[in-house]
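Asks: Take a look at the following structure, please.
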Amino acid sequence: MCGIVGYTGNKAALPILIGGLKKLEYRGYDSAGIAIGGPSAFILRRCKGKVSALDKLVSSEKINGKTGLGHTRWATHGQPSEENAHPHTDCRGRIVVVHNGIIENYIALRKKLKAKKHKFRSETDTEIIPHLIEEKLKKEKNLLKAVRKAIADIRGSYALGIMSSDEPGTIIAARKDTPLIIGLGKNENFIASDIPAILKHTRDIILLDDMETAVIKPDSVAVFDSAGRTVKKKISRIRWNPSMAEREGYRHFMLKEIFEQPRAIQDTLRGKLNPAKGYIHLEDIGLTVPYVKKIRKIFIVACGTAYHAGMVGKFLIEKMLGIPCETDIASEFRYRSPVMNKSDLFIIISQSGETADTLAALRMAKKRGLKTLSICNVIGSSAARETNGMIFTHAGPEIGVASTKAFTTQLIALYLLTLYLGRIRGAIPRQEAVRIMTAILNIPQQIRLILRKSKAIAKTARKYSKKRDFLYIGRNLNYPIALEGALKLKEISYIHAEGYAAGEMKHGPIALIDKDMPIVAIATAGGVYEKLLSNVQEARARNGIIIAVANTGDKNISKSASDVLCVPVTLEELSPLLNVIPLQLLSYYIALYRRCDIDQPRNLAKSVVVE
Ligand code: AGP
């Protein structure tokens, strides 16, 4: 996610902006920039790379302006570059904007503005905002009213900081679906994406709510609702220390990222689904209709958690498209002799886009002439640059080594791809697509319901935090979720945990079962529920301790399970999205009780860039 910081007051803005951007670096970014009001025009300085490079760029200049905006960019539209870095300006450089969020209809708006002779310099969605405001100012002299008219034309999410040469000393802020706070000082005020950026200067903040705008001056802050009426806002006093502030009060980045999943999924879905028309917008992944109709086989290759997402993708593709799908661990794929044909589609899944084994497998497929697609969380990464097309997961930077929000957004990308291909190939009828899309749009809220039970899951975790071995079992498209749950526990609590296909119990693992080895069984409604139930009863009959992931209200499972982690009912195809959440929380809390280094587990790296 991008980072915003703004200042207007009686001090030089530059050091405050640079210091604030440094405090936002933990969010991950690829370029940075500042704009500061000058005697005549704005002084705009931007660069690709780190805030330290920006600091060096301006260090030799005398920039004394007392109002300014700063930004760190996490690329979503357009490569990391100076031209794409924020702030962006209008044609005359008199309006300056920084933005965090996604503008879904920027292509249409850009076309309209170009027709009105506006000149664009970047590939970003953000750049349409200053030009839109410039256009509105032709009729509306008041900056705030022009901003409100401009954002009324925008579809998507935004946290905005805006300045105009016509109103020196003033910052306009606006927010929809992306956080933005106002910091209150003495003869100075601030805006920021989140608290760490301004904690050094003030602990008194106002949280802007959705559809609100604000006019910030050195000695006043006025907030307005969507109808333009003045709103009286509560002033909150922040009690966090700086490191807690970076995690927004969560104890670990992993917990923060588990709780960010509803927003991350909403951002990944944004602008992609049109249930009313049964349509999926994935045109920009570079697969033509004739090519899609000719696909004979699909490969999905990845590592770790991303591989588990790929396994779910295999179930979806084979069940819903009727196309054979081969999934493989990248480090195995590259050393076997896979049979690939040019008509096959080759997909890699990678949060970082830099995993060495995954990239090596990709290069093998490209050498054989296959069309390639990446599902990736980092624009500008090797995976994004080296594949023919990409589905971007809008998870935002994932700091915790244990992957959580990247995994669920990878699953979302696979649902989108399956629906897209299925509609083109006629394998998924419109009504079926609408049914699935409607259920997908409900997932963020259903995840919120599970997250609300985190305290109960913590209680279960405490009971088992001293155990030495766990078995995770699942069937069908929840078999990969059993593997994922076991991986989460292994990598952050250092407890030995194995994921297994539940039907395999009799073929060996059942010998392991005793009263000291909890079995986590994923037993939600679906075609294999009864089978799973009998696996649970088999384990119970051998004194196994059962922790079940089951649908709320399931009376059967509680007869055999010592603990039930409840999830809402959804379509069977979508159940992995919900079933993984309690397993993420279970592993987090077990690791917490074991006082493990949750965000940086021993021996692990966030991105395995070597073999
Ligand atoms: C998952 O929790 C691990 N951090 C690890 O398995 C990770 O998924 C794997 O290394 C792949 O990383 P990538 O998605 O960046 O390619």
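The values are calculated or read from the model by the stated rules, or taken from the named source; none is laboratory data. As the structure is a prediction and not an experimental result, all values here were calculated from the model. Note that each Cβ is placed from the backbone with ideal geometry, even for glycine, and that neighbours are counted across all protein chains shown.
Asks: For region 279-320, which residues satisfy the criterion of being of a type in the set (S, T, Y) and assigned to a helix (DSSP H, G or I)?
Replies: Just the residues of region 279-320 that are of a type in the set (S, T, Y), to begin with: 279, 288, 291, 305, 307.
The answer is Y291, T305, Y307.
Asks: Which residue out of I258, I265, I238 is within 16 Å of the ligand (Cβ to nearest atom), within 30 Å of I598 (Cα to Cα) and surrounded by 16 or more Cβ atoms within 10 Å (Cβ to Cβ)? Working first, answer last.
Replies: Values: I265 fails: within 16 Å of the ligand (Cβ to nearest atom); I238 fails: within 16 Å of the ligand (Cβ to nearest atom).
Just a single option satisfies the conditions, and that option is I258.
Asks: For region 382-401, enumerate the residues that are closer than 19 Å to A75 by Cβ and either within 9 Å of the ligand (Cβ to nearest atom) or of a type in the set (A, V, I, L, M, F, W, C) (or both).
Replies: Scanning region 382-401 gives A383, A384, M390, I391, F392, A395, E398, I399.
Asks: Now a separate question. Checking the structure you have, find out if any residue of region 402-416 is part of a strand (DSSP E or B), within 15 Å of the ligand (Cβ to nearest atom), surrounded by 24 or more Cβ atoms within 10 Å (Cβ to Cβ) and in contact (Cβ under 8 Å) with a residue 60 or more places away in the chain. Let's see the steps before the verdict.
Replies: Taking region 402-416 and keeping what is part of a strand (DSSP E or B), we get none.
Checking region 402-416: not a single residue is part of a strand (DSSP E or B), within 15 Å of the ligand (Cβ to nearest atom), surrounded by 24 or more Cβ atoms within 10 Å (Cβ to Cβ) and in contact (Cβ under 8 Å) with a residue 60 or more places away in the chain.
Asks: Across region 589-611, what is the total count of residues that are among the aromatic types (F, W, Y) and within 12 Å of the ligand (Cβ to nearest atom)?
Replies: Number of matching residues: 0.
Asks: Something else about it: Residue by residue through region 11-45, note down the ones that are in a loop (DSSP other than H, G, I, E, B) and surrounded by fewer than 17 Cβ atoms within 10 Å (Cβ to Cβ). Full working, then the answer.
Replies: Filtering region 11-45 for residues in a loop (DSSP other than H, G, I, E, B) gives 11-12, 24, 28-30, 38-41.
Matches in region 11-45: K11, A12, G38, P39, S40, A41.
Asks: Of all residues in region 270-296 being under 21 Å from P444 (Cβ atoms) and in contact with a helix residue (DSSP H, G or I) (Cβ under 6 Å, 6 or more places away or on another chain), which is surrounded by the most Cβ atoms within 10 Å (Cβ to Cβ)? Even if it seems obvious, please write down each step before you answer.
Replies: Here is the first cut: in region 270-296, the residues under 21 Å from P444 (Cβ atoms) are 270-276, 278-282.
Now narrow it down to the ones that are in contact with a helix residue (DSSP H, G or I) (Cβ under 6 Å, 6 or more places away or on another chain): 272-273, 275, 278, 280, 282.
Numbers: K272: 20, L273: 22, P275: 16, G278: 19, I280: 24, L282: 19.
Here the residue is I280.
Asks: Tell me which residues, restricted to region 551-573, are assigned to a strand (DSSP E or B) and more than 26 Å from I436 (Cβ to Cβ).
Replies: Here is the first cut: in region 551-573, the ones assigned to a strand (DSSP E or B) are 551, 563-567.
Answer for region 551-573, where residues must be assigned to a strand (DSSP E or B) and more than 26 Å from I436 (Cβ to Cβ): D563, V564.
Asks: Condition check: of a type in the set (A, V, I, L, M) and either at pLDDT below 90 or more than 18 Å from P480 (Cα to Cα) (or both). Does I513 satisfy that? Break it down stepwise before answering.
Replies: Details: of a type in the set (A, V, I, L, M): yes; either at pLDDT below 90 or more than 18 Å from P480 (Cα to Cα) (or both): yes.
Here the answer is yes, as I513 does meet what is asked.
Asks: Checking I473 against (1) within 16 Å of the ligand (Cβ to nearest atom); (2) over 30 Å from I280 (Cα atoms); (3) buried (at least 23 other Cβ atoms within 10 Å of the Cβ), which test does it fail?
Replies: (1)
Asks: Would you check if there is a residue in region 112-126 being closer than 26 Å to L273 by Cα, of a type in the set (D, E) and touching a Lys or Arg at 6+ places or on another chain (Cβ under 6 Å)?
Replies: So far as region 112-126 goes, no, none of its residues is closer than 26 Å to L273 by Cα, of a type in the set (D, E) and touching a Lys or Arg at 6+ places or on another chain (Cβ under 6 Å).
Asks: May I ask you to list the residues in region 363-400 that are hydroxyl-bearing (S, T, Y), within 19 Å of F333 (Cβ to Cβ) and not in a helix (DSSP H, G or I)?
Replies: Taking region 363-400 first, the residues hydroxyl-bearing (S, T, Y) are 372, 374, 381-382, 387, 393.
Subset that is within 19 Å of F333 (Cβ to Cβ): 372, 374, 382, 387.
Matches in region 363-400: T372, S374, T387.
Asks: Looking only at region 53-66, filter to residues that are in contact (Cβ under 8 Å) with a residue 24 or more places away in the chain and under 16 Å from H86 (Cα atoms); which one of those is surrounded by the most Cβ atoms within 10 Å (Cβ to Cβ)? Explain how you work it out, then say what you get.
Replies: Start the filter on region 53-66 by keeping residues that are in contact (Cβ under 8 Å) with a residue 24 or more places away in the chain, which leaves 54-55, 58, 63-66.
Now narrow it down to the ones that are under 16 Å from H86 (Cα atoms): 54-55, 58.
Values: L54: 26, D55: 19, V58: 18.
My answer is L54.
Asks: Turning to a different aspect of this structure: Select from region 338-362 the residues that are at pLDDT below 95 and of a type in the set (S, T, Y) and write down the one among them that is farthest from the ligand (Cβ to nearest atom).
Replies: Checked region 338-362; the qualifying residue farthest from the ligand (Cβ to nearest atom) is S343.
Asks: Which residues, taken from region 11-32, are touching a residue at least 60 places away in the same chain (Cβ under 8 Å) and not aromatic (F, W, Y)?
Replies: Residues satisfying the conditions are K11, I16, G19, G20, L21, K23, L24, R27, G28, D30.
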